[in-house]
Amino acid sequence: LYFPSNCMTANLLRLIRRTLSILPNLQWLQLNFSSYDNDSRSSWVLADFTTPLVKFFTTFDFDPALAHFLEAQSSLQVLSLQWCAGNAPMETLTLSPSALPHLEVFSYNGFWLTDEALQVMRTVITGRPVKDIDICFIGGSNTYSIVADAIAGGSCPLQRLMFVDVADDTQMDLLVQTIAARFPMLEALEIGADSDTLVSLALHFHGVTGLT
């Protein structure tokens, strides 16, 4: 369900909630709402949805309702959060160590890098077998090590990383040095650099087979 430029009315949200409750075989779910005109939290639409998903993509804030939903998703392998931590003040939320035991792929497109965004990354990744991470944000070179620390708590070596700072593409060497120090087992890295820059940056890695 993709509503990039629509205001979500209560009636539509209730319809989505009822529809989800009668889909017992659903494996892949995308709930993307506009980030501009939907200031109230909408994750309550998941309250009656207990179907075990394999992939889940959403623009919901990481609030208690979403945390409760994720706690019950024991089969989830792919999780994508977009625009989270930006629409409303957030509580300090946690997931139990047993939550999301099969999570392998995590993406976070949070735009402005906030303390809440970093906490969401830590909460989702720490202690889980995440080996593929995509992160796009607005931060600047002074945030690279902070972000790298936030995503370094997985229970297995990180294999693939897309790490894009849309605010600053002039500090690629610093970015790669930071990533290489945190993730020595990395096999693929995407940072959005040009080909000439990539040639020089490749010297920082030994096991990487893909650098873009």
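Mind listing the phi-derived Karplus ³J(HN,Hα) values for the stretch 97-107, rounded to whole Hz, using 6.51, -1.76 and 1.60 with θ = phi - 60°, and x for any glycine or proline?
x, 8, 6, 6, x, 10, 5, 10, 10, 9, 10
Starting at the first residue of the stretch 123-130, write each ³J(HN,Hα) from the Karplus equation 6.51 cos²θ - 1.76 cosθ + 1.60 with θ = phi - 60°, in whole Hz, x for Gly and Pro.
Using θ = phi - 60°, the values come out as 4, 6, 8, 4, x, 10, x, 7 Hz.
From the protein chains alone at 1.4 Å, what is the descending order of accessible area for VAL120, VAL54, largest first?
Ranked from most to least accessible, the order is VAL54, VAL120.
Leaving ligands and nucleic acids out of the surface, order LEU113, LEU29 by accessible area at 1.4 Å, largest first.
Largest accessible area first, the list is LEU113, LEU29.
Amide H to amide H under 5 Å from SER107: which residues, 5+ apart in sequence or cross-chain, H placed 1.01 Å off N in plane?
Those lying under 5 Å, H to H, from SER107 are LEU79, SER80, LEU81, ASP134.
With a ≥ b ≥ c the root eigenvalues of the C-alpha gyration tensor of the stretch 91-188, is it rounded (a/c under 1.5), prolate (a/b larger than b/c) or oblate?
Judged from the Cα gyration tensor, the stretch 91-188 comes out oblate (a/c at least 1.5, b/c at or above a/b).
Could you tell me what percent of the accessible area of the stretch 8-70 is made up of carbon and sulfur, with a 1.4 Å probe and every protein chain present?
With neighbouring chains kept in place, the figure for the stretch 8-70 is 57 percent.
Which order do ASP134, ASP48 take when ranked by solvent-accessible area (1.4 Å probe, heavy atoms of all protein chains), largest first?
ASP48, ASP134
The values are calculated or read from the model by the stated rules, or taken from the named source; none is laboratory data. This structure is a prediction, so every number in the text was calculated from the model and none was measured. Quick note on the areas: whole protein, heavy atoms, side chains included, nothing else; ligands and nucleic acids left out. Shrake-Rupley method; radii C 1.70, N 1.55, O 1.52, S 1.80 Å.
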